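> Following this message is one structure expressed as structure tokens.
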Amino acid sequence: MAELPPTSRIPVARPFFGPEEELAVAEVLRTGWVTQGPQVIAFEKEFAEFVGSPYACAVSSCTAALHIALLALGVGQGDEVITASHSFIATANAIRYSGATPVFVDIDPSTFNLTGLLIEAAITSRTRAILCVHQLGMPCDLEAIAGIARKRGIGLIEDAACAIGSEVRSRRGWERIGRPWGDIACFSFHPRKLVTTGDGGMLTTRNPEFDHRFRALRQHGMSTSDLKRHESAKVAVETYDTVGYNYRMTDIQAAVGRAQLRRLPAILEERRAQAGWYRELFVETPVILPTEPEWARSNWQSFCVRLPEGVSQVSVMQSLLDAGISTRRGVMCAHREPAYLDTELRFPLPESERAQDQGLILPLFPGLTRRQISSVVDAVLKACRP
Ligand SMILES: *Cc1c(COP(=O)(O)O)cnc(C)c1O
């Protein structure tokens, strides 16, 4: 495994690459076809199989995926989309790209997720879609949320950026996130997530019409793909049917993604063990642990604890940094950022703000040992002591 720049500090996250990824990149370069092509097609097929979705479409990032998911649902100017403020800024930004207005609702403090009740209270005649977030890999209550979307006739997009390999239980048994309960699920391959292609994203859906639209929108609205034109024995002339984007994934990225996907079952198993160690070592301490509802299995993309009231987040983070341990504050809230100060707030968001201010994301990545986790827990507890 290639080394990162030397530091003795324990990072918050670290991607996991090996000779398989290196070889995959080298093989793509040798073929001479580096943009969206056969590797992307193969990655889409393997990803669809992994999550159990009939269709998967690769794009350049999850942000791009969220944008074209909203467009595929017909979301635009004058529409409202219900979502969490407590999410990475890309969730709200994608709604803004579409021209619609984000309507922020609060979260359940035990899962950091939207709930059916909170969503239902925010529906108006202008609500066009719900954009729910499986925050930090913890699945939303999809049964409740999908039920509301269906009953009220509005679209449901899952921001599954963090949730590859997470599972929810349905009447059919355990299912991976991405066999979408709603209309579309969007994934990220940013290095902070479990599977990375440097940057990259994926849309899954059961609806062939949507899949067709994604493919046009990611490629300038073109009626045919570069690959089809390249392979055609007859002169192929494309048309541009809508204003699309350049949201393509490259074949170099897709080849890395395929190798990463093969590692995923082992990565998931390791992360679940690591989260279990955190749980065990924090038991009966004032630090509040994330809760996994009995119908959910997180992939533990991040392990975010909550500091006891009255303990300063910044001072805990500083004393951990002094001890050689990197952490991150709780997930941000879009409504507190300058770019969103002009967004009307219809609901107070106390739990979202508390989650940001008292949340602490602890190191979790492949290779992190039980001994290291134990030193993180000791350092957190020491820093929390008055
Ligand atoms: C990482 C993340 C995104 C953005 O993903 P990119 O692939 O970096 O565009 C969107 N939403 C959430 C919840 C995320 O964590």
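The values are calculated or read from the model by the stated rules, or taken from the named source; none is laboratory data. If you're wondering where the values come from, they're calculated on a predicted model, not measured in any experiment. All Cβ positions, glycine included, derive from the backbone under ideal geometry; neighbour counts span all protein chains shown. Calculation scope for accessible area: heavy atoms of the full protein, side chains included, ligands and nucleic acids excluded. Shrake-Rupley method; radii C 1.70, N 1.55, O 1.52, S 1.80 Å.
> Applying the selection to the stretch 136-147, what residues are within 12 Å of the ligand (Cβ to nearest atom), open to solvent by less than 10 Å² (accessible area, probe 1.4 Å) and assigned to a helix (DSSP H, G or I)?
Once the filter is applied, which keeps residues that are within 12 Å of the ligand (Cβ to nearest atom), open to solvent by less than 10 Å² (accessible area, probe 1.4 Å) and assigned to a helix (DSSP H, G or I), the stretch 136-147 yields only Gly137.
> Cβ-Cβ below 7 Å, separation at least six or inter-chain, first residue in the stretch 370-386 and in the same structural domain as Thr327 (by TED's automatic domain parsing), second of a type in the set (A, V, I, L, M, F, W, C) and open to solvent by 50 Å² or more (accessible area, probe 1.4 Å): which pairs?
Arg370/Trp277; Ile373/Trp277; Ile373/Leu281; Ser374/Leu281; Val377/Leu281; Ala379/Ala323
> Restricted to the stretch 148-192, and to residues that are within 14 Å of the ligand (Cβ to nearest atom) and either polar (S, T, N, Q) or in a helix (DSSP H, G or I) (or both), which residue is surrounded by the most Cβ atoms within 10 Å (Cβ to Cβ)?
Here the residue is Ser188.
> Please go through the stretch 15-66 and pick out each residue that is closer than 20 Å to Leu268 by Cβ and within 16 Å of the ligand (Cβ to nearest atom).
The answer is Pro15, Phe43, Phe47, Ala56, Cys62.
> Would you check which residues across the stretch 193-219 are buried (at least 24 other Cβ atoms within 10 Å of the Cβ) and away from the ligand (no atom under 16 Å from the Cβ) and list them?
Thr205
> Let me ask another. Within the stretch 224-237, can one find any residue that is of a type outside the set (Asp, Glu) and part of a strand (DSSP E or B)?
No, every residue in the stretch 224-237 fails to be of a type outside the set (Asp, Glu) and part of a strand (DSSP E or B).
> Quick one: is Ser61 at pLDDT 95 or above, within 16 Å of Ile164 (Cβ to Cβ) and polar (S, T, N, Q)?
It is true that Ser61 is at pLDDT 95 or above, within 16 Å of Ile164 (Cβ to Cβ) and polar (S, T, N, Q).
> If you don't mind, another one. Hey, can you tell me all the residues within the stretch 5-34 that are surrounded by 15 or more Cβ atoms within 10 Å (Cβ to Cβ) and farther than 19 Å from Ala259 by Cβ?
Result: Ile10, Val12.
> Any idea which of (1) open to solvent by 30 Å² or more (accessible area, probe 1.4 Å); (2) within 16 Å of the ligand (Cβ to nearest atom); (3) free of Cβ contacts under 8 Å to residues at least 60 places away in the same chain is the one Leu114 doesn't satisfy?
With (1) open to solvent by 30 Å² or more (accessible area, probe 1.4 Å); (2) within 16 Å of the ligand (Cβ to nearest atom); (3) free of Cβ contacts under 8 Å to residues at least 60 places away in the same chain applied to Leu114, the lone miss is (1).
> Filter the stretch 307-325 down to residues that are open to solvent by less than 70 Å² (accessible area, probe 1.4 Å) and on the phi > 0 side of the Ramachandran plot, then give me how many there are.
Final tally of qualifying residues: 1.
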